[in-house]
Structures are given as structure tokens and as C-alpha cells.
Amino acid sequence: MLIVDAAPGARPDPEASTKSTVRLMKYLKDDGSIKKSGIEAILAAVAQCMKLAEEYEITQLLVMATSALREAPNGNKVIHKIEEMVGQGVTVLSGNDEARLTFLAARRWYGWDAGRLLVLDIGGGSLEVAMGSDEEPTVALSVPAGAGRVTTEFLPSGMATPEELEGVRKDVRKILAPMVKVFPQSKHPNHAVGTSKTFRSLARLCGAVMRAPGREDTWIMTREQLEDWIPRLAAIAPEQRVALPGITPERTMQIVGGGVVADEIMKALNIQEVEICPWALREGAILRWLDQFGRTRLGF
């Protein structure tokens, strides 16, 4: 839950927030449906969000669901339960929607000077990639290669030997293949950025801070740095990774899977480094809502 005092033309700066880490991927049955215990965890998280919304007397609520709920056979059942709790409909975003909204956030953050912008976003269930020179990307793609999904399917212990890591890489490359195939290789981006907690954690672990006059400090991560860290991370027990910089408790298990996805998509698209963008899907959704509805009272 992100609470923002939002207005047209203003930065959507957060007023308050609360987060519950559900790790929905671990509650999935073999057919992809969500177990009863997973549904209970989701509803408990929603209840916590609504407490904060009531405390701040929220007047406008945007409720979004992404890949894990979108793809679950019983996802609609869960969504109806959420709608009953929040008192309004839930917007179920497609992978393309996620890519477009995240791209909008990055474009507004970096501005037009960034030129052709490439945005990489690793979620729990899916990877989104978008590229373009305007606010609407010319390419917006999504594949089921999220950090949680890759960990659940290929790295159940969270650890791997160098040989096992190579097997995981091959599996990830197969998932990425349809995306890479349709991506316009002839158009190289002027600026490549990564969003999401996975990229942020990886950059804090193995990247470097870039300081520029008049700009907020930002993290830069090269593929070389990432490839140096992945085998070392894979050899460390998940519960011990929390001692490393940037690795929060909720990231310890799936950081290796996320790192493999990040490395393989950067390699496939011939990207040598990414800058970490502070804004992502939530900010994009708020900005899009303001574009559509925020100015109506002004009459134009």
C-alpha cells in the first residue's frame, strides 16, 4: 500500500506505506492455483493495507493485481474476495500493461533527454521489458521469468553449484527466447534502466553509486559486476545472505534467481550496464491515473 498526495504536474511523493511480503509463488499448487493458506495470506495483507487507508482517510483507491493472480486458475475467486474487502473492483494488469506503466514512470523520471529508453523490470512472477523514445513504448513485452518463479521452479534450495547454475541459465534462456526473438535488435537504447526491488538489491550488492550535480544519487550496475557475484551468492546459504549489503530478508531466497534473469536478459539484449530507476509500476499507475482523470476539474 503506497499512499500518495498526488496532483497533476507534481511528483507522486509517498506520504506513507506498508508492505506485507506474501511470496505467493510458494503457495501455488502443481496446476498453478493458489492454496487456501496462500489466499489467507493475501487477504491478511489486504486487511493491513486497508487499515492504513482508513487511518489516512483515503479518497481514491487504485487496486491492482499482477502476474501471480492473473495466471492462477482460481485467481478470479481470490480477486472477488479482495473486492469484497476493499469495496471496489480490482484492475488485473496484463504483462503488457505492467511493462507500459513501468516505462511511463521511468520516462517521467529521466525525461526526454534519455532518448531511446530501455526498461527492465523483474517481479516475482514475470519479467517485463519495454523500449521507446516517447512516453508510450514501441516495444512492451512480458515473460514468466520473475525472481520468485525461477527460484521455485529451478532453484528450490536457493543455492546452486557452478554446474547447476549453468543448467538454470539454460532454462531461463528458453523462457526468454520468445521475447528476445521479437525484440528489435537493430535499435539499441540510449539509456538502459532497471526497476524493481530485485534490481535495486543486486545493484546495492555489486554496483556503484553515481553522483551527479543537481541529481539524486543513483546506482549503476554492470553485467561484469553481476556475473562476478552470482556464483558467490549461489554458494551462500539464503539465511546468511541478509548480512550482505542490499539483501533484505524477503530477498534472501530468490536473489540468485533474480540475478540470473537480470544477467541473461542484459546479455541477450547486449546491455553492458543498467541504472536503477527509483520509480516503477506503482508510480506509473498513479501518473497514468492523473493523466486521465486528474485534470478534468480544470476543464481541459
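The values are calculated or read from the model by the stated rules, or taken from the named source; none is laboratory data. Note that the structure is predicted; figures quoted are calculated from it, not measured. Ideal geometry is used to build each Cβ from the backbone, glycine not excepted, and the neighbour counts take in all protein chains shown. Heads up: the accessible areas ignore ligands, DNA and RNA and are worked out on the full protein's heavy atoms, side chains in. Shrake-Rupley method; radii C 1.70, N 1.55, O 1.52, S 1.80 Å.
State all residues of region 72-89 that are open to solvent by less than 60 Å² (accessible area, probe 1.4 Å) and not charged (D, E, K, R); if no residue qualifies, say none.
Pass one, region 72-89, residues open to solvent by less than 60 Å² (accessible area, probe 1.4 Å): 72, 74-75, 78-79, 82-83, 86, 89.
Within region 72-89, Ala72, Asn74, Gly75, Val78, Ile79, Ile82, Val86, Gly89 meet the criteria.
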Suppose we filter Glu98, Glu128 for residues that are assigned to a helix (DSSP H, G or I) and closer than 30 Å to Gly38 by Cβ; which single one remains? Glu98
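Of all residues in region 190-215, which are over 16 Å from Gly146 (Cβ atoms) and surrounded by 19 or more Cβ atoms within 10 Å (Cβ to Cβ)?
As a first pass, look at region 190-215 and keep what is over 16 Å from Gly146 (Cβ atoms): 190-193, 203-215.
Listed by number, the residues that qualify are Ala192, Val193, Ala203, Leu205, Cys206, Gly207.
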Evaluate region 82-90: report whether one residue or more is more than 14 Å from the chain's Cα centre (by Cα), part of a helix (DSSP H, G or I), modelled with pLDDT of 95 or more and not hydrophobic (A, V, I, L, M, F, W, C). yes
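For region 48-71, enumerate the residues that are among the hydrophobic types (A, V, I, L, M, F, W, C), open to solvent by 40 Å² or more (accessible area, probe 1.4 Å) and out of contact with any strand residue (DSSP E or B) (no Cβ under 6 Å at 6 or more places or on another chain).
Kept after step one, since they are among the hydrophobic types (A, V, I, L, M, F, W, C), are these residues of region 48-71: 49-50, 52-53, 58, 61-65, 68-69.
Pick out the ones that are also open to solvent by 40 Å² or more (accessible area, probe 1.4 Å) and you get 58, 62, 64.
Selection gives Ile58, Leu62.
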Candidate set from region 1-26 (those that are open to solvent by less than 50 Å² (accessible area, probe 1.4 Å), outside any loop (DSSP other than H, G, I, E, B) and at pLDDT 90 or above); member that is farthest from Gly294 (Cα to Cα): Ala16
Quick count over region 274-296, residues being surrounded by fewer than 17 Cβ atoms within 10 Å (Cβ to Cβ) and under 21 Å from Pro189 (Cα atoms), is 1
In this structure, does Lys181 turn out to be free of Cβ contacts under 8 Å to residues at least 40 places away in the same chain, open to solvent by 50 Å² or more (accessible area, probe 1.4 Å) and out of contact with any Gly (no Cβ under 6 Å at 6 or more places or on another chain)? yes
Please verify whether region 110-122 includes one or more residues that are open to solvent by 20 Å² or more (accessible area, probe 1.4 Å) and either part of a strand (DSSP E or B) or touching a helix residue (DSSP H, G or I) at 6+ places or on another chain (Cβ under 8 Å) (or both). no
How do the pairs read when you match residues in region 153-171 that are under 13 Å from Leu233 (Cβ atoms) with residues anywhere that are of a type in the set (S, T, N, Q) and assigned to a helix (DSSP H, G or I), using Cβ under 7 Å and keeping only pairs 6 or more apart or on different chains? Gly158/Thr151
Among (1) farther than 30 Å from Gly132 by Cα; (2) open to solvent by 40 Å² or more (accessible area, probe 1.4 Å), the one test that Val92 misses: (1)
Tally of residues being within 16 Å of the chain's Cα centre (by Cα), aliphatic (A, V, I, L, M) and assigned to a loop (DSSP other than H, G, I, E, B) across region 254-288: 1
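Which members of region 225-240 meet the condition of being more than 9 Å from Ala160 (Cβ to Cβ) and either within 23 Å of the chain's Cα centre (by Cα) or assigned to a helix (DSSP H, G or I) (or both)? Don't jump to the end; show me each part of the working.
The first filter runs over region 225-240 and keeps only residues more than 9 Å from Ala160 (Cβ to Cβ), leaving 225-230, 232-233, 236-240.
Within region 225-240, Gln225, Leu226, Glu227, Asp228, Trp229, Ile230, Arg232, Leu233, Pro238, Glu239, Gln240 qualify.
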Note on region 102-128: residues touching a residue at least 60 places away in the same chain (Cβ under 8 Å) and closer than 22 Å to Leu24 by Cα are Thr102, Leu120, Asp121, Ile122, Gly123, Gly124, Gly125, Ser126, Leu127
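Which one of Arg251, Arg241 is under 21 Å from Gly124 (Cα atoms), modelled with pLDDT under 95 and of a type in the set (D, E, K, R)? Steps first, please.
Numbers: Arg241 fails: modelled with pLDDT under 95.
On inspection, the qualifying residue turns out to be Arg251.
Check Ser133, Ser126 and return the single one that is within 23 Å of Asn270 (Cβ to Cβ), buried (at least 17 other Cβ atoms within 10 Å of the Cβ) and not hydrophobic (A, V, I, L, M, F, W, C). Steps first, please.
Values: Ser133 fails: buried (at least 17 other Cβ atoms within 10 Å of the Cβ).
Every option except Ser126 fails the conditions.
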